Every structure is written in structure tokens, then in C-alpha cells.
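K.L.:
Dropping a structure here in C-alpha cells format, bear with me for questions.
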Amino acid sequence: MNNPTNTKVFKPNWCLGCGNYGIHAALLSALKNSGQAPEDTVIVGGIGCGGSLPYWSGTYGLIGLHGRAIPIATGIKMANRKLKVIVVAGDGDTYGIGLNHFIHGIRRDADIVCLVCDNGVYGLTKGQASPTSPMGFKSPSTPNGNRLQPLNPLALALTAGCGFVARGYAGNVPLLADLIRQAIEYPGFAFIDVLQPCVTYNRDHDYAYHAKSIIPVEMTLDRNEALSTVMAQQERTPVGLIFKADSSSRATQADRTLVADPGTDSVDITKTLEKYA
Ligand code: SF4
């Protein structure tokens, strides 16, 4: 883990112009604006360019195996519910190998923020098509054009029961920072799919493309209405807080936290061990 008391924070090494810079700036701004102390914050990264963000943030941080950021974050939250736990992982990581964890993380509804740096490509491994690459996308793994339909992560999150569903854009840092602040304050699994230009391997979806395609969206408390909004998108991409559930109805988790529980060390497990001897 990074140590937040170590004041030396290194600079990111992403490609010049990468959308991850905007996500990084928005996350740091949101943490500051929500009064979140670095020593009470853990950022869990996945494998991918955006997954290295914990290195550069001055909070506690951990980078797990490919696709496993969400279960790691859930475990951290179970051990110490006083921590604010934030996942930052890519679209390949979260919607590919980690897709089951994404769905079951939503179902468990742990109080974590899940930011997905969605650039529609596997940038770290040099540009293969990812689950959100559009049809026809040419890449080293799809030289004749992608023949698979892209996943709709917002529709998936809504139908899995996610209580906070938003889409941000790395090119609009103030809006993204505000979405992340709201996600930090939401007491459950808060998901933000972030459009993140990869200037090296996905030049079809650069800043100019996103500037033309994104449209602001009104937040709704109606899940079906939100689903219609995200399913209706064709050429235009809705950006903003799309759906927020009434969090007063969610099951409350006990405030007990394993790391601070004075009784944990004194539990006698001898009889349990004898059963398996
Ligand atoms: Fe960013 Fe793409 Fe470079 Fe990775 S390869 S750092 S996603 S621009």
C-alpha cells in the first residue's frame, strides 16, 4: 500500500493528452471538496493505464490482479467501514475479465465508489478491442473491424440494481469532480463510467469526437426511465448523474469494523480448530 504520510507524490507517466489526467485531477478535486482525509481513503486500482492512479494520489492505495479491483475494495470495506474506498479500473478490466465482480459488487452494494476509465480499448497492452469498442473498430486484435456489439455498461448497472449510476467525461473536469463528490457521499455502490480518450490507441474517439457526441442528462429517480435514456443512445452519449436510488430504503450495514474491534484478538477458536484436527 502507498503511505499517505509519505509526502513525496510522484507524477503520472501516462501519454501526453491521455484522458486519465482529467480523471486524476477530478478525483483529487472531489476528495478535497468532500473533506475526505487522505489517511481515511483507499484507492484500489486494476490492471490497465488508469489502474496505476493509486500511485499518484497520496492516499492509501493497492493494485490488484486483472479484473479483481472490486472484490479487493469490498474486502477492505468489510474490514474497516470507516475508510472511503474508491476503485479506479479500465473498461477492459471491469467489463471484460472482471465483469462478474462488477455485477456481484453491485448486488452486494458495499459503500464503495467504482470509477471506470472507459476508453474503448486495451491501452496498456497496445490497443486491442475491448468490451466497449464500437462495431467496426480496427485494432491489432480486430484488423478487419470489430464484429461484436459493444457492451452498454450503464444499462447493465441499472438492470443489476445499482443505486447510483452516472457517466462522466475526462474532458470536463469540473463536472466529473462533482459526480465523484456525489458518489463519495452516496452510501452504497456508486458507479461512474468515465469517457476517457486514449490518444494513442483509439484515435476515432478523441476529444473532438466526444465534444460533438456528449449531451447532458437529467437525473431521474425512476430506474425504468434511466434505462430508456441509456438504451436510446445512438450517436449521442448522455453524460451526468443518470439515476440515484432512494438510499434511505437500503439495508444498513453494521458500523462494527474488524480492525477496531477490541474483541477480535480474544476470540477463542480452539474448539473450531479441534473439529478439523
Ligand atoms: Fe492513456 Fe492510451 Fe497512453 Fe494508456 S495508452 S496512457 S490510455 S493514452
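The values are calculated or read from the model by the stated rules, or taken from the named source; none is laboratory data. Computed from a predicted model, the values in this text were never measured in an experiment. Cβ sites come from the backbone with ideal geometry, for glycine too, and all protein chains shown count toward neighbours.
K.L.:
Tell me yes or no: at least one residue of the stretch 109-118 is within 18 Å of residue 183 (Cβ to Cβ) and within 12 Å of the ligand (Cβ to nearest atom). It would help to see each step written out before you state the result.
P.N.:
Initial filter on the stretch 109-118 (within 18 Å of residue 183 (Cβ to Cβ)): 109-118.
When the remaining residues are screened for being within 12 Å of the ligand (Cβ to nearest atom), the result is 117-118.
Yes: one or more hits.
K.L.:
Looking at the stretch 24-57, which of the residues that are within 15 Å of the ligand (Cβ to nearest atom) and at pLDDT 95 or above is surrounded by the fewest Cβ atoms within 10 Å (Cβ to Cβ)?
P.N.:
Step by step, filter the stretch 24-57, then rank; the result is 25.
K.L.:
Specify the residue that is nearest to the ligand (Cβ to nearest atom); the eligible residues are those in the stretch 184-231 that are over 23 Å from residue 22 (Cα atoms) and hydroxyl-bearing (Ser, Thr, Tyr).
P.N.:
229
K.L.:
Now, a different point. Picking from 141, 130, which residue would you name as being touching a helix residue (DSSP H, G or I) at 6+ places or on another chain (Cβ under 6 Å), within 16 Å of the ligand (Cβ to nearest atom) and of a type in the set (Ser, Thr, Tyr)?
P.N.:
Working: 141 fails: touching a helix residue (DSSP H, G or I) at 6+ places or on another chain (Cβ under 6 Å).
Every option except 130 fails the conditions.
K.L.:
Please count how many residues of the stretch 58-71 are within 16 Å of the ligand (Cβ to nearest atom) and among the β-branched types (Val, Ile, Thr).
P.N.:
Just the residues of the stretch 58-71 that are within 16 Å of the ligand (Cβ to nearest atom), to begin with: 63, 66.
Checking which are among the β-branched types (Val, Ile, Thr) leaves us with 63.
The number of residues fulfilling the criteria is 1.
K.L.:
Here's something else I'd like to know. Test residue 93 against the criterion of being of a type in the set (Asp, Glu) and within 22 Å of residue 228 (Cβ to Cβ), and give yes or no.
P.N.:
On the way: of a type in the set (Asp, Glu): yes; within 22 Å of residue 228 (Cβ to Cβ): no.
No, not satisfied.
K.L.:
Starting from residues that are out of contact with any strand residue (DSSP E or B) (no Cβ under 7 Å at 6 or more places or on another chain) and within 19 Å of residue 49 (Cβ to Cβ), keep the ones in the stretch 153-183 and report whichever is nearest to the ligand (Cβ to nearest atom).
P.N.:
Looking at residues that are out of contact with any strand residue (DSSP E or B) (no Cβ under 7 Å at 6 or more places or on another chain) and within 19 Å of residue 49 (Cβ to Cβ), I get 171.
K.L.:
A follow-up question, please. Can you pull out the helices (runs of 4 or more DSSP H) entirely within the stretch 12-121 that have at least 1 residues that are touching a residue at least 12 places away in the same chain (Cβ under 8 Å), aliphatic (A, V, I, L, M) and closer than 16 Å to residue 195 by Cα? Steps first, please.
P.N.:
Values: elements: 20-33, 69-79, 99-108.
So the answer is 20-33.
K.L.:
Mind listing just one residue for me: the one in the stretch 63-74 that is at pLDDT below 95 and either surrounded by fewer than 20 Cβ atoms within 10 Å (Cβ to Cβ) or hydroxyl-bearing (Ser, Thr, Tyr) (or both) and, of those, nearest to residue 18 (Cα to Cα)?
P.N.:
Ranking the candidates gives 66 first.
K.L.:
Give me a count of the residues in the stretch 75-103 that are among the charged types (D, E, K, R) and within 11 Å of the chain's Cα centre (by Cα). Spell out the reasoning first.
P.N.:
Of the residues in the stretch 75-103, the ones among the charged types (D, E, K, R) are 77, 81-82, 84, 91, 93.
With the extra rule that they be within 11 Å of the chain's Cα centre (by Cα), the set shrinks to 91, 93.
So the count comes out to 2.
K.L.:
Within the set of pairs 6+ apart or on separate chains, which have a first residue in the stretch 234-253 that is within 17 Å of residue 211 (Cβ to Cβ) and part of a loop (DSSP other than H, G, I, E, B), a second that is among the polar types (S, T, N, Q) and modelled with pLDDT of 70 or more, and C-beta atoms under 7 Å apart?
P.N.:
Every condition considered, the pairs that remain are 235/213; 236/213.
K.L.:
So, one more: Just the residues that are in contact with a Phe, Trp or Tyr (Cβ under 6 Å, 6 or more places away or on another chain) and of a type in the set (Val, Ile, Thr), please, taken from the stretch 83-111.
P.N.:
94, 106
K.L.:
What is the one condition in (1) away from the ligand (no atom under 16 Å from the Cβ); (2) modelled with pLDDT of 95 or more; (3) touching a strand residue (DSSP E or B) at 6+ places or on another chain (Cβ under 9 Å) that residue 91 does not satisfy?
P.N.:
Answer for residue 91: the failing condition is (1).
K.L.:
Say whether the condition of being away from the ligand (no atom under 14 Å from the Cβ), at pLDDT below 95 and closer than 20 Å to residue 184 by Cα is met by at least one residue in the stretch 1-23.
P.N.:
First pass over the stretch 1-23, keeping only residues away from the ligand (no atom under 14 Å from the Cβ): 1-10.
Those left that are additionally at pLDDT below 95: 1-10.
Now restrict to residues that are closer than 20 Å to residue 184 by Cα: 4.
Yes: one or more hits.
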